[in-house]
Structure formats: structure tokens, C-alpha cells
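Inspection log for the structure reproduced underneath, given as C-alpha cells.
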Amino acid sequence: MLVKGNTKLGNIYNWSIPAIDSCVGSTELCRNICYACRGAYRFKSVDEAHMRNWVLSRTRHFVSSMVAFIWRKQIGVVRIRAAGDFDKVSYVRRWREIIKACPGTQFYAYTRSWRKTDLTPTGLTEGLRELALLPNMRLWLSCDRQTGRPPRWRRAPSAWLMLDDNDLPPYRVELAFRDSPDSLMMSAPQVDQVCPYGMRAEKMKVSCESCKICF
């Protein structure tokens, strides 16, 4: 089910489903540079594992299986989806049940599904707002220059995807991720923090596990 992360994540467990197909709020920009569509993510075994997860997440056994796994492993931090996104109201509700059943575990996720404002008030976006309010959940509203400005939900900060160091947001965001981190980036007034993993400072040794900004 959950698997331990790579060098960037450190000793953090994560869950993934197929990228693009589940990314209902994606933009052309993020689809073109998506890390979950390249490298090891293109291995057949990885693709098959993500598809199995996607199928499992649709079943009535998903919540109980995930809760049992987290409790058995005594997992401290879970990143919900290193690949994929929240694509259905029922999927969001299942994760809400899991998070509430595991108060000793910290969860975090990034989503662009906040853009699905065409759905009913009790639909996907409202489910995400409720998810963000859980005390052991940190939900980041992901954005770029094609998404439009994210809403200002309580306990749901914004994370900007930068193509390069000149691609700064036209509004304030709490965090920025650099797609091409070639140098140590200076701070920008509209960006509270830049992901330390993408700073590329000499001899900087950092992982999500040691940084903890996102959760």
C-alpha cells in the first residue's frame, strides 16, 4: 500500500495513483513538466502499482485497509499521492475517514482539484475544504501561471510551481517549487518560502523528512 519515499522524501511513506488521468485540475504547463511522467515513474511495474492503488481506492475496503496498515507500521507522516490528485468526491471522503482514524499520523498533500468549481457546492471543492480543516492534515493548493489564483481557504496555503527563477507569482504564496533549480535563489517578496530541496545550495543536505515545511 504505502511505500517509503525517495531521496527527496526521506523516511516518509507515500501513496500514488496514475498521474494525468486523475489530475482533474491540471494545466497544460504542469502536464508538460510533470515529474510523475518521467524517470522511474515510467517503469511498467510502477505504472501497474499506481493503477492497483487507484482500483483499491474505489473499493469499500480502502479505508479499513489503509488505517490498519498505518497503525500496524506506526507511521508518523504520510504524503497522500506523490503522483495523481483528488479526482472524485468519494475519494476525498475516504481519505478524510482515514485521516480522522489516525490522529497520531500527520498527512499532507498538494492538489489542483480546487479548480473544479463547476461542480455543486457539496462536490469536490467543498470536500477538499473540509479535508484541509482536519488538525493532522496539511492541504496545499497548487498553482502556476495557468491555474488562476487559488481561493483563500482556512488552513490551506498555496504552493507555486516555477518554471524558472523569473516565473514568479503575481500574488502572494506561502511556498514555491522550482522546476529548474540551477542556483541558490534569492527570496522574492510575494513568496514566503522556497522549497529548500530545490535551492541547490552547495553541500545542502535536506529532505522532506528533515525540512518539515510542508507538514
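In debye, nearest 20: dipole of region 1-77 around its Cα centre with unit charges on the Cβ of K, R (+) and D, E (-)?
240
Compute the signed sum of charges (Lys and Arg +1, Asp and Glu -1) over the other residues within less than 9 Å, Cβ to Cβ, of Leu133.
Residues near Leu133 contribute +2 overall.
Report the charge-dipole magnitude of the chain in Debye, nearest 20, computed about the Cα centre from +1 at each Lys and Arg Cβ and -1 at each Asp and Glu Cβ.
Using Cβ point charges on Lys, Arg, Asp and Glu, the chain gives about 780 debye.
Let me test this: with uniform point scatterers at the alpha carbons of region 1-95, what is the Debye-based log₁₀ I(q)/I(0) at q = 0.10, 0.11, 0.12 1/Å?
The computed values of log10 I(q)/I(0) come out as -0.27, -0.32, -0.38.
Full extension from Ser180 to Arg154: what is 0.36 nm times the residue separation minus their Cα-Cα distance, to one decimal in nm?
6.3 nm is the gain from fully extending Ser180 to Arg154.
Over the chain, what percent of the accessible surface lies on carbon and sulfur atoms, probe 1.4 Å?
So the carbon and sulfur contribution to the accessible surface is 50 percent.
Kindly provide the trypsin sites (Lys or Arg not before Pro) of region 1-57 that DSSP labels as loop, not H, G, I, E or B, and whose Cβ sees at most 12 other Cβ atoms within 10 Å.
Counting only loop positions with at most 12 other Cβ atoms within 10 Å, the trypsin sites (Lys or Arg not before Pro) in region 1-57 are Arg38.
Could you provide, to the nearest whole Å², the per residue accessible area of the chain with probe 1.4 Å?
Ligands and nucleic acids excluded, the result is 52 Å² per residue.
For the chain, with a Gaussian network of springs between Cα atoms less than 10 Å apart, report the residue from Ala19, Ala36, Ala49 with the top mean-square fluctuation.
Ala49
The values are calculated or read from the model by the stated rules, or taken from the named source; none is laboratory data. Since the structure is predicted, the reported quantities are computational estimates derived from the model, not experimental observations. Don't worry about glycine lacking a Cβ; one is built from the backbone with ideal geometry, like all the others, and counts go over all protein chains shown. Calculation scope for accessible area: heavy atoms of the full protein, side chains included, ligands and nucleic acids excluded. Shrake-Rupley method; radii C 1.70, N 1.55, O 1.52, S 1.80 Å.
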